[in-house]
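Here's the structure we're looking at; comments come further down.
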Amino acid sequence: MTKYQFLKELDKAFSGLPKEEKEELIQYYKEYLDNARLEGKTEKEVLNELGKPNQIAEAYLEANSDIPLEQKAYEQLALKGFWKRFVISAFFIIGFVLLGIICLVSIASLFLLVLDMVFFRQVLVFQIFVLLFSIGVIYMSIIGIKQLRHIYTTRKGRFL
């Protein structure tokens, strides 16, 4: 890693800080690297001595933060957990709605087929096939809805 790359990554790592504070920190590390070079150290030695930019930023934020680092980590985990539960719940809601629509459409087609058979008093092979297919789709939709409900209620949105 070069001095330029190090300072660029450090700038990204300090992105949450106010502009003036971030510029002061970048300037400090730039001067530190320049002074170490004047003392005869190589750029690589100094960068290894300093560590990774993310580690420097974390240490600085921990030392100068009003909120403890554990609290920040907890808040981040809570936010991730909220979005995870939200996405899983949305998936189940969409699944319930789609299976419900499929079930209702199949029931409607079943009803219309029975009406067609009663009023026209004829039974075609195709109508028998569609009748059996509709019954199968209704059955599968109901099983799917039951499975989704069972999975959701037993797991309560907890998935790996």
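Every read-out reported here was derived from the displayed coordinates using simple, explicitly stated rules and does not represent laboratory data. Keep in mind that what you see is a predicted model, and the values were worked out from it rather than measured. FYI the Cβ positions are ideal-geometry reconstructions off the backbone, even for glycines, and counts take in every protein chain you see.
Can you match volume of the Cα convex hull per residue in Å³ to one of these, (1) 186; (2) 109; (3) 204, based on a calculation from the structure here?
(3)
Below 8 Å between Cα atoms, with a sequence gap of 6+, how large is the relative contact order for the chain in percent? Before the final figure, lay out the partial values.
Numbers: 74 pairs, mean separation 33.7, N = 160.
For the chain, the relative contact order is 21 percent.
Between E9 and I143, what's the calculated FRET efficiency when r is the beta-carbon distance and R0 is 41 Å? Round to 0.05. Could the numbers behind the result be given before it?
Values: r = 53 Å, r/R0 = 1.30.
Efficiency, from the Cβ-Cβ distance: 0.15.
With +1 on the Cβ of every Lys and Arg and -1 on the Cβ of every Asp and Glu, and nothing else charged, how large is the dipole of region 1-69 about its Cα centre, in debye rounded to the nearest 20?
Details: 10 positive and 15 negative charges, 69 e Å.
The calculated dipole for region 1-69 is roughly 340 debye.
First measure r as the distance between the Cβ atoms of L38 and A59, then evaluate 1/(1 + (r/R0)^6) with R0 = 30 Å and state the FRET efficiency to the nearest 0.05. Don't skip to the end; give the middle numbers.
On the way: r = 25 Å, r/R0 = 0.84.
Once rounded, the FRET efficiency stands at 0.75.
Using 0.36 nm per residue, how much length does the chain from L112 to L79 gain when fully extended, once their Cα-Cα distance is taken away? Please list the in-between numbers first.
On the way: separation 33, 0.36 × 33 = 11.88 nm, distance 4.91 nm.
Working it through step by step, the gained length comes to 7.0 nm.
Quick check for me: using +1 on Lys/Arg Cβ and -1 on Asp/Glu Cβ, what's the dipole size of the chain about its Cα centre, in debye to the nearest 20?
About 1300 debye.
Where Lys and Arg each count +1 and Asp and Glu each count -1, what net charge lies around E23 among other residues with Cβ under 15 Å from its Cβ?
Working: positive: K8, K12, K19, K22, K30; negative: D11, E20, E21, E24, E31.
Taking every Cβ under 15 Å from that of E23, the sum is 0.
Simple spin-label model, 7 Å along Cα-to-Cβ: I151 to F120 in nm?
4.0
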